[in-house]
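J.: Sharing a structure with you now.
FYI, it's all coordinate maths here, none of it is from the lab. Just so you know, these numbers come straight off a predicted model, no measurement behind them. Reconstructed Cβ throughout: ideal geometry from the backbone, glycine too, with neighbour counts over all protein chains shown.
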Protein chains: 2
Amino acid sequence: MTNKKLGGQTAALSAPVYFTAWANVAGKKEGEGPLASSFDYIDRDDTFGEATWEKSESAMQKQALALALDKCGLTASGLDWIFAGDLLNQCIGSSYAARGQQVPFFGLYGACSTMGEGLILASMALDGGFGARAAVVVSSHFCTAERQYRTPLEYGGQRTPTAQWTVTASGAAVLSREGGGPQVTHVTAGKIVDKGITDTNNMGAAMAPAACDTIAAHLRDTGRAPDFYDLIVTGDLGDLGSQLLLELLEREGFFLNNHADCGKLIFDAKKQDVHCGGSGCGCCASVLTGYLLGGLKTGRWHNILFCPTGALHSPTSSFQGESVPGICHAVAISARGAM
Amino acid sequence: MTNKKLGGQTAALSAPVYFTAWANVAGKKEGEGPLASSFDYIDRDDTFGEATWEKSESAMQKQALALALDKCGLTASGLDWIFAGDLLNQCIGSSYAARGQQVPFFGLYGACSTMGEGLILASMALDGGFGARAAVVVSSHFCTAERQYRTPLEYGGQRTPTAQWTVTASGAAVLSREGGGPQVTHVTAGKIVDKGITDTNNMGAAMAPAACDTIAAHLRDTGRAPDFYDLIVTGDLGDLGSQLLLELLEREGFFLNNHADCGKLIFDAKKQDVHCGGSGCGCCASVLTGYLLGGLKTGRWHNILFCPTGALHSPTSSFQGESVPGICHAVAISARGAM
């Protein structure tokens, strides 16, 4: 069998892997933002009917997957694999959500890059002949993330100007080897990049170098110019991280006039008081499974490079003085099947 | 392309994926146990030269991978992908270890089943034509796990009779599409199984039903009888979990006389006061990358079914009254390439 790797970090699928269906659920604040109309369900109080925030997060993943399956007339038994992840310690958001499904399960930890990691692994499995259908499900919840990473909500800590707001949302995608619609054509898996940022309230700066590394690798590996894509959309760099990314890419010789960032898209930063923008695995996952795939379906865009970014630290590593390693995975999605 | 899935949860690779090299490092207590001679490096004080236990765990992964690469004359640049995981919050053992490597990275969370999850995903990627070589690296450390999951070491908490001892070890395997030696032939990905066990000091009982589910699925999917394998070896069920597994499998009509458990193999439970045996991702990872692959290489065994088990809970989920979901992934490894 020929090697599908183009060299570097990128592989070209031998046949398209289709987004058969997608769905998302979001919290109240997200439902008051600019992308409200792209969410399938908006919860009134972010509990999703559960008694603890962690159980709420699991409920979100369950609901997002159920909605996606429903849209394509499948049940979970029609899936060969579930790839899932979240930000919680031991990824309990995902495993408790998938507990009720009778589907082989792969738990992932890629921080806020997890949607990209899941899409890459699911695409490689399906394109490699392993199964016909896979789901990728990812979530984050403001209230689970705050108390785990920062301080209890009741503490009411001040936020720095570079801080971002963890998005309460979950996105689910069902991928298939057959069908039609938006499709994955190339995948670029990220290396870990750490430029020594130690401010955990400045995730955009910590992740921008990784985003630059992966986007530059993708463009070099594929020989594509940035404007091949209608949109090169990062995960959750926010305002500051996005500025840094464009500067870093210019140094590499790439000038982007088609960059967008899910963390900037999902909130109206000023009106909604989220400082540098949204963050969390659920941020880019919910933007992909609504606004972005919706836009590919309706012909607004033809080619998108979806580039979720993640910060691979923990409170413990930060307390021990470590810097914040970043990662970014890129997935080329085409509306028309341009391989 | 034909579907490589045999139905159910199992896929047959179209060509063998070879274990090109493997290596492990272990702590002092592990180095005093029955498998001491199968470890490549035994640390004198479990610090691995670092100032914090978390940094020690990263150092272990780095060293295990470096040793494995060294054995096959490669550097990290010869790898297409690294798949890695550990038990720590946000998997920092793995991401800080891989930070220095210029290799595309997939972070996994499968609790103590992570070595199995990594071998499955790496095998599917390589067999699917995605790259020529991948590494799978997994670790656990007694001191990081105790303070994260249970109590600070200084607290000196009593251990219950069903408790297991988290192994301080890391195992690394380099997989290749070409070459020779022990090889992966089939993979069976596990579903999440939860029978309502809430005692977090009885992981064996929580994980045994998942092990039963996956082993039975593998045997049904492949049509193989248990005695096709010289050894069906679970990850870290320990004494009690192993007994439960055999009873559960009998109810499914499978009678095993070739079962072994890495958690029982790695320690002399009575002499070393580890109660029900060893546990942790590093347990089965280090037993595989020493004792088991070594035995396949020298002809002691011809076919092994390697079945790491994991408990997908967290301290938070347990404090909230949740039961412990289990998972088990199975990997069929052959010395001769019997497909």
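J.: Relative contact order, percent, of chain A when contacts are C-alpha pairs under 8 Å separated by at least 6 residues? The partial results should precede the final answer.
T.: Numbers: 885 pairs, mean separation 84.5, N = 339.
Computed value for chain A: 25 percent relative contact order.
J.: Quick one: dipole size for segment A:80-157, taken about the Cα centre, charges +1 on Lys/Arg Cβ and -1 on Asp/Glu Cβ, in debye to the nearest 20. Mind showing how you got there, number by number?
T.: Numbers: 4 positive and 6 negative charges, 25 e Å.
For segment A:80-157, the charge dipole is close to 120 debye.
J.: Going 7 Å from Cα along the Cα-Cβ axis for the label, what nanometre distances separate A:Arg44 from the same residue across the other copies?
T.: Those label-point separations list as 6.7 nm.
J.: Please find, among residues of chain B, the one with the beta carbon closest to the rotation axis relating it to chain A, distance in whole Å.
T.: Here the nearest residue and distance are B:Gly128, 1.
J.: Within 10 Å of each Cβ of B:111-123, how many other protein chain Cβ atoms are there on average? Display every interim value, and only then the final one.
T.: Values: counts 4, 0, 2, 1, 0, 0, 4, 1, 0, 5, 8, 0, 2.
Per residue, the average neighbour count from other chains is 2.
J.: For segment B:5-130, what is the charge dipole size about the Cα centre, in debye to the nearest 20, if Lys and Arg each add +1 at the Cβ and Asp and Glu each add -1 at the Cβ? Don't skip to the answer; put the middle values down first.
T.: Values: 8 positive and 14 negative charges, 45 e Å.
With only Lys, Arg, Asp and Glu charged at Cβ, the dipole is about 220 debye.
J.: Still on this structure, please answer the following. For segment B:20-27, take each phi angle, set θ = phi - 60°, evaluate the Karplus expression 6.51 cos²θ - 1.76 cosθ + 1.60, and give the result in whole Hz per residue in order, putting x for glycine and proline.
T.: 6, 7, 8, 7, 8, 10, 9, x
J.: Let me ask another. Compute the distance from the alpha-carbon center of segment A:105-172 to that of segment A:232-262, in whole Å.
T.: Centre-to-centre (Cα) distance: 21 Å.
J.: Cross-link list B:Lys29/B:Lys62; A:Lys28/A:Lys271; A:Lys28/A:Lys62; A:Lys55/B:Lys62; B:Lys4/B:Lys191; B:Lys5/B:Lys297: which exceed 24 angstrom alpha carbon to alpha carbon? Can you show the working numbers first?
T.: On the way: B:Lys29/B:Lys62 20 Å; A:Lys28/A:Lys271 15 Å; A:Lys28/A:Lys62 18 Å; A:Lys55/B:Lys62 35 Å; B:Lys4/B:Lys191 19 Å; B:Lys5/B:Lys297 28 Å.
With Cα atoms farther than 24 Å apart: A:Lys55/B:Lys62; B:Lys5/B:Lys297.
J.: Continuing with the same structure: Based on the mean of other Cβ atoms within 10 Å per residue, sort peptides B:286-295, B:69-78, A:134-143 so the most packed one is first. Mind dumping the intermediate values first?
T.: Values: B:286-295: 26.6, B:69-78: 14.6, A:134-143: 30.0.
By packing density, highest mean first, the sequence is A:134-143, B:286-295, B:69-78.
J.: Same structure, new question: Looking at A:Ser14, A:Leu240, A:Ile333, which one has the Cα that reaches farthest to the positive end of the dipole of the protein assembly as shown (charges on Cβ: Lys, Arg +1; Asp, Glu -1)?
T.: Final value for the positive-end residue is A:Ser14.
J.: In nm, what does the list of distances from A:Gln102 to its counterparts in the other copies look like, shortest first, when each label sits 7 Å along Cα to Cβ?
T.: Shortest to longest, the spacings are 5.0 nm.
J.: Now for a different question. Using a label point 7 Å beyond Cα on the Cα-Cβ vector, give me the inter-copy distances for A:Lys271 in nanometres, one decimal, shortest first.
T.: Once sorted, the set of distances for A:Lys271 reads 7.2 nm.
J.: Using +1 on the beta carbon of Lys and Arg, -1 on that of Asp and Glu, and nothing else charged, what's the dipole of chain B about the Cα centre, debye to 20?
T.: On the way: 25 positive and 32 negative charges, 126 e Å.
That gives a dipole near 600 debye.
J.: Then there is this: Per residue of B:83-95, what is the mean number of Cβ atoms on other protein chains within 10 angstrom of that residue's Cβ?
T.: Working: counts 1, 1, 3, 1, 2, 6, 12, 17, 9, 11, 2, 3, 14.
So the per-residue partner count for this stretch is 6.
J.: Under Stokes-Einstein, with the Kirkwood radius over Cα pairs standing in for Rh, what whole-number D in µm²/s applies to the protein assembly as shown at 37 °C and 0.692 mPa s?
T.: Working: Rh = 24.3 Å.
Using the Kirkwood radius from Cα pairs, D works out to 135 µm²/s.
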